[in-house]
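Asker: Structure below; questions to follow.
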Amino acid sequence: MKKTLRYNYRLNPTPEQEAKLIEFGATARGIWNLLLSETMRRYEFDTTFLFYKDMASLLKELKAFEEFAWIKAFDSAAAQQVARDLETALKNAFSKGRLQHFPKHKVSYKQKKLHNDSFRAVNNSNCIRIENGAISIPKVGKVPIILHRDLMSQIKTVTIQYRHGKWECSITQEVECKTALRVLNSITGFDINSKQTVVGSNGFTADNPKFLKRSKEKLTHLQRQLARRNKGSNRWQKTKQRINKLHGKISRQRLDFAHQISRQITNETDILVFEDLNIKAMQQFNGSMVADNVMGLITQLSKYKAELKGKLYHEIGRFEKSTGICSECDQQHALSLNERYFTCTACNTYQSRDLSAAKSIAKTGELDLVATGIVARVMPTSQQKSIIKMKVFELSKLVEGSEKKEAA
Ligand SMILES: [Zn+2]
């Protein structure tokens with residue numbers, strides 16, 4: 001199985017290159033708007049849409065005309081990419097079970113004389129390369145890049161955008177996952193509580209970091225300051241810029257923290273069990289978690305990291321109760337939000353609310369996985385036995401799809 005990974009890098013374009021990048025961003029937006037208008041016109045005419053093929057040939061035709069010279073000046077693979085993206089957006093808007101709306105015309109927002117447009121170049125026949133600290137982008141040239149981490153495989157696409165006051169490129173690469181582990185040596189449940197702390201049934205804990213809290217306090221402060229200033233004034237602009245910068249910092253801090261935690265979690269255990277956070281947010285946090293979703297990010301990243309390592313990620317089903325269940329005897333207790341510890345009414349075990357919740361999540365996850373035949377419990381070898389009381393599972397063949405075919 002292959003997975004597409006995305007990494008962001010900082011770019012330091014020269015003034016000429018910067019002008020080109022701004023122009024190309026605007027061109028990509030222009031092409032999107034043009035193709036969308038054409039599609040809508042076509043729809044009004046005969047209720048059909050333009051598909052990628054139609055769009056691509058339309059672009060080809062337009063290039064011949066003087067007034068569309070701006071399309072000709074653009075990287076043609078990047079132009080086709082816009083058409084592909086639009087087709088995807090159209091398809092998504094009309095497929096069932098999706099919440100996407102009909103695509104809209106793109107508007108550009110100016111920040112510090114620069115626009116927030118973006119465009120995506122495709123690596124056809126190795127035209128995008130990183131050499132000597134610069135990335136070669138078609139029709140732009142060799143743009144200096146800060147390669148803070150090495151590439152893992154060949155570049156697929158590069159998206160270039162001006163964000164939070166800096167030039168960034170987001171590089172996608174295809175990476176081969178490790179083959180699924182046959183023997184899974186441990187299962188851990190993770191509870192995420194209202195204080196945004198992750199607690200694992202193996203004793204792992206990670207707090208929502210203080211630096212994030214501090215940055216957020218600063219943000220509220222600046223937002224209040226902005227409200228006091230005259231909209232559009234110099235001082236207003238200044239505060240606006242600081243807010244924008246801070247947003248960038250917060251999102252980098254969040255991502256960094258989420259990567260750290262998910263790396264640690266996926267290193268320590270072979271089967272990871274989480275709760276469905278959307279459901280949990282509805283039950284407990286009244287949406288406060290949705291606004292600042294560090295924890296959601298951790299589950300997302302843990303999922304892909306687990307898959308890369310050939311491990312198992314599982315989310316337990318809806319409305320599964322996890323808090324207030326005794327980890328020794330499964331007695332249920334109704335706890336109020338501020339009761340962090342409780343004593344079991346049946347067996348008198350004094351326990352942490354979060355740890356027992358994590359244990360109960362691990363238990364539910366194990367039942368799920370065994371019941372659906374994804375894993376089977378096996379006897380640990382004597383070597384495994386000696387390391388605490390370890391649970392060992394074997395991946396069943398069922399998930400590989402061969403049995404499904406036979407049954408059908
Ligand atoms: Zn008990």
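Asker: Using the alpha carbon gyration tensor of the range 166-288, what are the three equivalent-ellipsoid semi-axes (square root of 5 times each eigenvalue), largest first, in whole Å?
Answerer: Working from the Cα gyration tensor, I get semi-axes of 37, 20, 12 Å.
Asker: Same structure, new question: Spelling out what I want: for every residue of the range 207-223, take phi, set θ = phi - 60°, compute 6.51 cos²θ - 1.76 cosθ + 1.60 (Karplus), and round to whole Hz; glycine and proline get x.
Answerer: Taking θ as phi minus 60°, the curve returns 8, 4, x, 5, 4, 5, 4, 5, 4, 6, 4, 4, 4, 4, 4, 5, 5 Hz for the range 207-223.
Asker: Another question about this same structure. Using C-alpha positions alone, give me the convex hull volume of the range 211-281 per residue in cubic angstrom.
Answerer: With only Cα atoms used, the range 211-281 gives 106 Å³ per residue.
Asker: While we're on this one: Determine the share of the range 2-176's accessible area contributed by carbon and sulfur atoms, expressed in whole percent, with a 1.4 angstrom probe.
Answerer: Carbon and sulfur: 52 percent of the exposed surface of the range 2-176.
Asker: Between LEU151 and residues 5 or more places away or on another chain, which pairs have amide H atoms under 5 Å apart, with H built 1.01 Å from N, and which residues are they?
Answerer: Amide H neighbours of LEU151: none.
Asker: To continue, here is another question. Can you give the Rg/Rh ratio of the range 2-176, where Rg is from the C-alpha atoms and Rh is the Kirkwood radius?
Answerer: Result for the range 2-176 is an Rg/Rh of 0.98.
Asker: Kindly write out, for the range 337-345 in residue order, the coupling ³J(HN,Hα) from the Karplus curve 6.51 cos²θ - 1.76 cosθ + 1.60 (θ = phi - 60°), rounded to whole Hz, with x marking Gly and Pro.
Answerer: Once rounded to whole Hz, the list reads 4, 9, 7, 8, 10, 8, 10, 5, 6.
Asker: For the range 2-176, what is the accessible area per residue in Å² when the probe is 1.4 Å?
Answerer: Heavy-atom SASA per residue in the range 2-176 reads 58 Å².
Asker: With a cut-off of 8 Å between alpha carbons and a minimum separation of six or more residues, what is the relative contact order of the chain in percent?
Answerer: Computed over the chain, the figure is 16 percent.
Asker: Pairing the Cα long axis of helix 353-371 with the longest principal axis of the chain, what angle in degrees results, from 0 to 90 and rounded to the nearest 10?
Answerer: Compared with the principal axis, the helix lies near 80 degrees.
Asker: How big is the Kirkwood radius of the chain, worked out from every pair of different alpha carbons and given in Å to one decimal?
Answerer: Over the chain, the inverse of the mean reciprocal pair distance is 25.2 Å.
Asker: Under the rule of at least 5 residues apart or a separate chain, name every residue whose amide H is placed under 5 Å from the amide H of TRP167.
Answerer: So TRP167 has HN proximity to LEU11.
Asker: So which aspartates and glutamates pass the test for LYS216, namely a Cα distance under 14 Å, with those fewer than 8 places away in the same chain ruled out?
Answerer: ASP292
Asker: Quick one: ranking ILE374, ILE250 by accessible area, 1.4 Å probe, largest first, what do you get?
Answerer: ILE374, ILE250
Asker: OK, next. Whose amide H sits under 5 Å from the amide H of VAL392, counting only residues 5 or more places off or on another chain, with H placed in the peptide plane?
Answerer: Residues meeting the amide H criterion: VAL378.
Asker: Working with all protein chains in place, sort LEU301, LEU58 by solvent-accessible area computed with a 1.4 Å probe, largest first.
Answerer: LEU58, LEU301
Asker: Next question, about the same structure. Mind putting a number on the dipole of the chain about its Cα centre? Charges go on the C-beta only, +1 for Lys and Arg and -1 for Asp and Glu, and I need it in Debye to the nearest 20.
Answerer: Rounded to the nearest 20 debye, it is 1760 debye.
Asker: For the range 149-163, in order, what is each residue's ³J(HN,Hα) by Karplus, 6.51 cos²θ - 1.76 cosθ + 1.60 with θ = phi - 60°, in whole Hz (x at glycine and Pro)?
Answerer: For the range 149-163, the Karplus curve yields 8, 6, 6, 9, 7, 5, 6, 9, 9, 10, 9, 10, 8, 9, 9 Hz.
Asker: Full extension from ARG377 to ASP207: what is 0.36 nm times the residue separation minus their Cα-Cα distance, to one decimal in nm?
Answerer: Length gained between ARG377 and ASP207: 58.0 nm.
Asker: Something else now. State the extension gain, in nm to one decimal, for the chain segment bounded by GLN264 and MET1, taking 0.36 nm per residue of separation less the distance between their alpha-carbons.
Answerer: 92.4 nm
Asker: Find the relative contact order for the range 2-176 and round it to a whole percent, using C-alpha pairs within less than 8 Å whose residues are 6+ positions apart.
Answerer: 35 percent
Asker: Select from VAL175, LEU219, SER233 the residue farthest towards the positive end of the dipole of the range 168-234; place +1 on Cβ of Lys and Arg, -1 on Cβ of Asp and Glu, and compute about the Cα centre.
Answerer: Toward the positive end, the furthest listed residue is SER233.
Asker: Build a GNM of the chain with springs between Cα atoms under 10 Å: which of GLN196, GLN331, GLN173 gets the top mean-square fluctuation?
Answerer: Judging by the Gaussian network model, the answer is GLN331.
Asker: Stokes-Einstein D for the range 3-85 at 20 °C, 1.002 mPa s, Kirkwood Rh over Cα pairs, in µm²/s?
Answerer: Stokes-Einstein gives a translational diffusion coefficient of 149 µm²/s.
Asker: If packing is taken as the average number of other Cβ atoms within 10 Å across a peptide's residues, how do 351-361, 3-13, 24-34 rank, most packed first?
Answerer: In descending order of packing, they fall as 351-361, 24-34, 3-13.
Asker: Test of understanding: extend the Cα→C-beta vector of THR172 to 7 Å, then name every residue of the range 39-62 with backbone N under 17 Å from that spot.
Answerer: In the range 39-62, the label zone of THR172 (backbone N under 17 Å from the point 7 Å along Cα→Cβ) covers 52.
Asker: Too long at a 23 Å Cα-Cα cut-off: which of LYS72/LYS106; LYS166/LYS309; LYS63/LYS139; LYS3/LYS139?
Answerer: Distance filter (> 23 Å) returns LYS166/LYS309; LYS3/LYS139.
Asker: Sequence neighbours fewer than 8 away in the same chain don't count; with that in mind, list the aspartates and glutamates whose C-alpha is under 15 Å from LYS311.
Answerer: GLU176, GLU268, ASP270, GLU366, GLU394, GLU400
The values are calculated or read from the model by the stated rules, or taken from the named source; none is laboratory data. Bear in mind the structure is a predicted one, so any value in this text is a computation, not a measurement. Heads up, the Cβs are rebuilt from the backbone with ideal geometry, glycines too, and the neighbour counts pull from every protein chain shown. Quick note on the areas: whole protein, heavy atoms, side chains included, nothing else; ligands and nucleic acids left out. Shrake-Rupley method; radii C 1.70, N 1.55, O 1.52, S 1.80 Å.
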